[in-house]
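**Q** Handing you a structure now.
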Amino acid sequence: MHKVIMPKVGPDMEFGTIQKWLRKEGEKVEAGDVLLEITTDKASLEVEATDSGYLKKILYSEGEEIQVGDTIAYIGSKNEKVS
C-alpha cells in the first residue's frame with residue numbers, strides 16, 4: 001500500500017487545501033496521473049500519483065485543509081485492503 005501525502009511546495013508551506021479530487025476511489029491510476037488539485041496561501045497546483053495501482057481510499061474531502069506530510073489517500077493493488 002502506498003501513501004499519497006500532502007506535498008510541501010514552498011519553504012513556508014504548512015497546510016494545503018483540497019480543491020478537487022480528479023479521481024474516484026476504486027479507479028486505476030498510473031504513476032504521473034493527476035489525482036487532485038490543491039491550493040496554498042500562494043498557489044494552486046496538481047498532485048500526481050507517485051505509484052501505479054488503484055485509488056483505494058480517500059481520507060479527506062474537497063475543501064478540507066490538511067497539514068503538509070499528512071496522508072490524504074492510499075494507492076494499492078486491486079484486491080488489497082486498507083487497514
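No lab work stands behind these numbers, since they all come straight from the coordinates. Worth saying up front: this structure is predicted, and the values here are computed from it rather than measured. Cβ: placed from backbone, ideal geometry, glycine included. Neighbour counts: every protein chain shown.
**Q** Counting only residues 5 or more places away or on other chains, whose amide H sits under 5 Å from the amide H of Leu36 once H atoms are built in the peptide plane?
**A** Leu22, Val47
**Q** So for the chain, if I pair up every lysine 8 or more residues apart or on another chain, how many of those pairs have alpha-carbons under 20 Å apart?
**A** 25
**Q** Given H placed 1.01 Å from N in the peptide plane, which residues other than close sequence neighbours of Glu14 have an amide H under 5 Å from its amide H?
**A** Excluding prolines and chain starts, which carry no amide H, there are no hits.
**Q** Which trypsin sites (Lys or Arg not before Pro) does the chain hold that lie in a coil by DSSP with at most 12 other beta carbons within 10 Å?
**A** Values: sites: Lys3, Lys8, Lys20, Arg23, Lys24, Lys28, Lys42, Lys56, Lys57, Lys78, Lys81; in loops: Lys8, Arg23, Lys24, Lys42, Lys78, Lys81.
Those that pass, being in a loop and sparsely packed, are Lys24, Lys42, Lys78, Lys81.
**Q** Let me check I've understood the local charge: for Leu22, count other residues with C-beta under 11 angstrom from its C-beta, Lys and Arg +1, Asp and Glu -1. What total comes out? Intermediate values should be presented prior to the final figure.
**A** Values: positive: Lys20, Arg23, Lys24; negative: Glu27, Asp33, Glu37, Glu46, Glu48, Glu62.
With Lys, Arg at +1 and Asp, Glu at -1, the net is -3.
**Q** Any idea how far apart Gln19 and Leu45 come out in nm if each label point goes 7 Å out from Cα toward Cβ?
**A** Going from the Gln19 label point to the Leu45 one covers 1.3 nm.
**Q** Would you kindly derive the ³J(HN,Hα) couplings of the range 14-19 from the backbone phi angles with the Karplus curve 6.51 cos²θ - 1.76 cosθ + 1.60 (θ = phi - 60°), listing them in order in whole Hz, with x for Gly and Pro?
**A** Karplus-based 3J(HN,Hα) across the range 14-19 equals 10, 9, x, 10, 6, 8 Hz.
**Q** HN-Hα J couplings of the range 32-41 from phi, Karplus 6.51/-1.76/1.60, θ = phi - 60°, integer Hz, Gly and Pro as x?
**A** Listing the rounded values in order: x, 5, 7, 8, 7, 10, 10, 10, 10, 5 Hz.
**Q** Per the Kirkwood formula on distinct C-alpha pairs, the Rh of the chain is how many angstrom?
**A** Working: mean 1/r = 0.0785 Å⁻¹.
Across the chain, the inverse of the average 1/r is 12.7 Å.
**Q** A further question follows. Find out how many positive minus negative residues lie around Lys56, taking Lys and Arg as positive, Asp and Glu as negative, among other residues whose Cβ is under 12 Å from that of Lys56.
**A** On the way: positive: Lys3, Arg23, Lys24, Lys28, Lys57, Lys78, Lys81; negative: Glu25, Glu27, Asp51, Glu80.
Value of the local net charge: +3.
**Q** Using the number of other C-beta atoms within 10 angstrom as an exposure proxy, rank Ser52, Ser61 with the fewest first.
**A** Ascending number of Cβ neighbours within 10 Å: Ser61, Ser52.
**Q** If amide hydrogens are placed 1.01 Å from N in the peptide plane, which non-local residues have theirs closer than 5 Å to the one on Ile5?
**A** Ile72
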